Amino acid sequence: MQFNPNFEKTQAQFTAINSKAVEFAEDNAKAVFAHARDVLTAKTPESFWSLQQNFFKAQQDVATRQFEA
């Protein structure tokens with residue numbers, strides 16, 4: 001069966017987008033688990049909140065870069 005050339009191009013673009021989405025999800029999951037491990041070692045509420053703030057700031061930066069890609 002012969003497909004329209006635009007179909008194949010669209011299919012390739014969709015595959016590339018899906019690959020990027022999976023890559024981003026894996027990176028974000030790794031960051032969340034690393035953060036959870038760090039939070040469990042927090043000895044004081046201040047260190048807990050500091051870890052939270054740093055994590056959210058880092059994830060905001062990551063999300064910005066991911067949406068630009």
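The values are calculated or read from the model by the stated rules, or taken from the named source; none is laboratory data. This is a predicted model, so every value here is computed, not measured. Cβ placement follows ideal geometry from the backbone for every residue including glycine, while neighbour counts extend to all protein chains displayed. We work out accessible area using only protein heavy atoms, side chains counted, and drop any ligands, DNA or RNA first. Shrake-Rupley method; radii C 1.70, N 1.55, O 1.52, S 1.80 Å.
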Given the conditions (1) surrounded by 12 or more Cβ atoms within 10 Å (Cβ to Cβ); (2) modelled with pLDDT under 95; (3) not hydroxyl-bearing (Ser, Thr, Tyr), every one holds for residue 1 apart from (1)
What are the residues in the range 45-69 that are among the hydrophobic types (A, V, I, L, M, F, W, C) and surrounded by 12 or more Cβ atoms within 10 Å (Cβ to Cβ), if any? 48, 51, 55, 58, 62, 63
Anything in the range 20-44 that is open to solvent by less than 80 Å² (accessible area, probe 1.4 Å) and either in contact (Cβ under 8 Å) with a residue 60 or more places away in the chain or farther than 21 Å from residue 59 by Cβ (or both)? List them, or say none. 44
